[in-house]
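Peer 1: What follows is a single structure, and I will ask about it in a moment.
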Amino acid sequence: PPTLVLQGDRIPGLPLRIPNHFRSEGFEAATKELLWRMEQVNGPILVVGDLNFTDHEHEYKLLTQSLEDSHRESGWGMGFSFSRLPSSGIAMWRTDYVLYSEEFVALNTQTGDFNGSDHRPVITLLGWKQ
């Protein structure tokens with residue numbers, strides 16, 4: 001199964017790292033499997049949920065070659081939805097998505113509150129394209 005490891009860059013002169021990306025072993029194979037399954041669908045497609053990668057990862061780029069990202073289309077700000085420290089109230093990465101095929105249009109996207117989870121919900125209003 002895919003594993004997710006938080007990675008970061010060293011701060012010169014300090015034994016600290018600034019977390020800025022994930023190393024996602026096995027995610028490319030899972031993403032390619034999802035893309036293959038999507039090719040079998042004749043109709044609209046929604047991919048929704050915690051995908052465990054950021055929008056800077058290779059897997060995101062693979063998916064958004066054929067799907068739109070609701071946050072990029074109708075969201076505001078960074079859209080961060082995940083934190084290792086949800087009690088701080090500050091999300092640090094965007095790993096939760098509403099992705100959709102060309103039949104849809106995103107009218108509005110926002111993130112909700114943590115409410116007991118380490119993820120914020122992504123709330124999107126979708127419409128049908130005319």
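Just so you know, all these numbers are worked out from the coordinates, no wet-lab data involved. Here the structure is a predicted model, which means the values were calculated and not measured. All Cβ positions, glycine included, derive from the backbone under ideal geometry; neighbour counts span all protein chains shown.
Peer 1: In whole Hz, what ³J(HN,Hα) sequence does region 81-90 give by Karplus (6.51, -1.76, 1.60; θ = phi - 60°), x for Gly and Pro?
Peer 2: Each residue's phi maps through the Karplus curve to give 10, 9, 8, 6, 10, x, 5, 6, x, 10 Hz.
Peer 1: Give the peptides 67-77, 38-48, 89-99 in descending order of average Cβ contacts within 10 Å, highest first.
Peer 2: Ranking, from highest mean packing down: 89-99, 67-77, 38-48.
Peer 1: Whose amide H sits under 5 Å from the amide H of residue 54, counting only residues 5 or more places off or on another chain, with H placed in the peptide plane?
Peer 2: HN-HN under 5 Å from residue 54: 22.
Peer 1: Quick check for you: which residues of region 35-56 have the amide N under 19 Å from the point 7 Å beyond the Cα of residue 115 toward its beta carbon?
Peer 2: Only 48-51 pass the distance filter.
Peer 1: Can I ask one more? With label points built 7 Å along Cα→Cβ from the Cα atoms of residue 29 and residue 64, find their separation and express it in nm.
Peer 2: 2.6 nm
Peer 1: Specify the inter-centroid distance of region 89-130 and region 24-44, based on alpha-carbon positions, in whole Å.
Peer 2: Measuring centre to centre over Cα atoms gives 20 Å.
Peer 1: If you don't mind, another one. What nm distance separates the two modelled labels at residue 88 and residue 50, each placed 7 Å from Cα along Cα→Cβ?
Peer 2: With each label point 7 Å from Cα toward Cβ, the separation is 1.8 nm.
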